[in-house]
Ligand code: GLC
Ligand code: GLC
């Protein structure tokens, strides 16, 4: 069942009823100011950091769900409704929410009034803009009132929901003209405030929540709105809010637009005040005046659209599969941008007050983002590597605002640093910018320790080699990619964090997955050193890769598939010998991607086992059988009920690993079948089962052992976005940046037909037409570039800013 449809021409998803199976959200903002906005206009916004600089308050896990947002109420002769339906939830005559790229439009109507709310964060401005256009579609004149509403957060979102003994006293506001100012803590150490203005004279306002709502009312029944009268309240402590009240009269057919701007402003320390206790409003006035007319708003929307059109034109597919086209051309790339911006911090499943930026998460997010804005990928690489430790290990997380490693979670995830090599290789392959390797980057942000980025890569590589276990496989540390395989944790204390405790420190538990990852990145590592003039290091690296491959084949192969790990006692995990957890997805994906066992048929056997034991109608589960009881030696993985999360859930992130592995052995039909099972556009029809947004990936879909098999959770912020795009763009469609050019190596279903990819690469545009007359799944017979045959399958870097016609014939 569907709750809307795609509008590909406008690059939008159109939600046609408000009661979606879960709030279906969108993200606004690309640079410093970000907003989450649901299909009923719920959500919140922040400047740079969702925890430290939160502008508006949100109530997580609330009843009803999705409480808090920017709400516009219309009181039309006693009937109160919102263009986003919630919170009043008055039955609307029509409703539609269009989530587009960086904007959302709500179009709703009731009793002869139509309201269109267009919400977006303009490029280059630290604010969200909400234009409310109201039209009288009735035959008589309409007199009604519009009330806006936002609830301010007292900046630190964690403190805001816990520290009431202080916070109920510190709320401060000002009003001037039609602009409401939230200035809590501005009198002391903050130099910033929030402004909420509207481009029209107002007939009243409220800045105190209790006065506006009534103490015992919810957002669905504000006293001020229902009585048709603003209270003109001024918050003093308690809960500061911003609400404008505007009377509107419209003749039949007449329409009026109101532009609301909610923004973040800073003043230099010595210019904070206009007069004693009166804030300097100059930056706010400047901001409000930039979005005060329809023409300004239209121009800002045009800029936003041009921005996205430009970014998306870096990779554009035309195939006969419209679902594939829309995922590749629009939604998957869009989600890659959002995950790059947010890491795992702020979504409807991540509170924005918990996790910072993950080291491995951010490094992997680069895979789906680097072709969009390489310069930002470069900065991110330098930020991440600056948190690395001198011995090559990594802080598992860092804070986006301070860019410092997060001490609470610390280090010890032994896969983390390898992902840096993965990310840097992807960056250089995309850009050809070798200079990044010479950047001087500190360890743990201590400037004096700076060494070249190249040296950071070496320490990452060596960290694995310096931590090998009894089988010469990498020690797992706290955990590897699977945060929940906590082999040294042995936690018996309720509430203790599986992420940070290590009660056993076996020095024995090993990971076959890290071994596979090591072998997979090894060749790129060696090549980076060879080309940087370190031939010996390159040779050494390849030797170590061979040793690791041998270790995998000797002690990491179980007969029909790759083993997952050895636990703290040296016992096998992910083996047919195990009662539960016989088979895990991760090493099958990574070892095959690394090429282990490809020539001997082991790779094929591993992937056949995945198909046989792990595959379900909704995707491939992480492990089988799921653990049915808590196991001290395994940790968090066994804490989840069977079928959820890392315990037998369909952890979408590593489904693309299997799909890529299938392309490595040339099985295009299988690769695509894996791809489409978790791909949102293809699961749109089962939205009532899947429940999360049909335009973005979710981290997890409940596996076959779960009661709610097929139900997704943790949508938006997941490595699935980057890996799915990396898979489909570089391995299935096979347009793959390499150090020397663009490799063409599609692996598609036999019946896929021909397709065209327009790819901007290092300044030139390659229009690549691929034909497959004999229905092959892999293999390129011939390539021409501007009519001239190309030897091999790597297009040279033209670097001339021109368009080039490429013709590829599979066979
Ligand atoms: C979460 C984490 C990621 C981890 C994965 C598997 O998605 O963000 O770092 O690899 O879970 O545990
Ligand atoms: C839990 C989750 C895992 C996530 C980790 C991050 O272990 O199960 O998916 O990566 O928390 O802190």
| segment 89-188, relative contact order in percent, only Cα pairs under 8 angstrom and at least six apart counted | 13
| Value of relative contact order over the chain, rounded to a whole percent, pairs C-alpha under 8 Å and six or more apart | 9
| query | Stretch residue 569-residue 750 to full length: gain in nm at 0.36 nm per residue minus the Cα-Cα span? | reply | 60.5 nm
| query | Between residue 786 and residue 688, what is the spin-label point distance in nm, taking each point 7 Å from the Cα along the Cα→C-beta axis? | reply | 5.7
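In percent, how large is the relative contact order of segment 433-472, given Cα pairs closer than 8 Å and 6 or more residues apart?
Details: 26 pairs, mean separation 11.3, N = 40.
With pairs under 8 Å counted, the relative contact order is 28 percent.
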| What is the spin-label model distance, in nm, from residue 547 to residue 390 if the labels are put 7 Å beyond Cα along the C-beta direction? | 2.4
| task | Mind jotting down the distance between the C-alpha centroids of segment 1-62 and segment 536-563, whole Å? | result | 45
| Taking Cα centroids, how far is segment 744-800 from segment 575-601 in Å? | 32
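Send over the per residue convex hull volume for segment 318-417, Cα only, as a whole number of Å³. All intermediate terms of the calculation are to be shown ahead of the outcome.
On the way: hull volume 11.5 nm³, N = 100.
In segment 318-417, the Cα convex hull volume per residue is 115 Å³.
So in the chain, what percent of DSSP beta bridges are antiparallel if you round to the nearest 5? Let's see the in-between values first.
Numbers: 142 of 150 bridges.
Approximately 95 percent, going by the DSSP bridge assignments.
Could you give the length gained on full extension between residue 65 and residue 450, defined as 0.36 nm per residue of separation minus the Cα-Cα distance, in nm?
Numbers: separation 385, 0.36 × 385 = 138.60 nm, distance 4.78 nm.
Length difference between fully extended and current span is 133.8 nm.
So for the chain, what percent of the C-alpha to C-alpha distances run longer than 47 Å?
It works out to 24 percent of all Cα pairs.
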| message | Place a point 7 Å from Cα of residue 530 in the direction of its Cβ. Which residues in segment 727-762 have their backbone N less than 19 Å from it? | response | 737-744
| For segment 309-347 and segment 688-738, what is the separation of their C-alpha centers, rounded to whole Å? | 13
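Could you line up 244, 709 from fewest to most neighbouring Cβ atoms inside 10 Å?
Working: 244 26, 709 18.
Result, fewest neighbours first: 709, 244.
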| If the chain between residue 269 and residue 221 were fully stretched, how many nm would it gain, using 0.36 nm times the residue separation less the Cα-Cα distance? | 13.2 nm
| query | Once both labels are modelled 7 Å past Cα along the beta-carbon direction, what's the residue 673-residue 302 spacing in nm? | reply | 5.0
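Read-outs throughout are calculated quantities, based only on the coordinates presented, and are distinct from any laboratory measurement. Keep in mind the model is a prediction, meaning the values are calculated, not measured. Note that we place each Cβ from the backbone using ideal geometry, even for glycine, and neighbour counts take in every protein chain shown.
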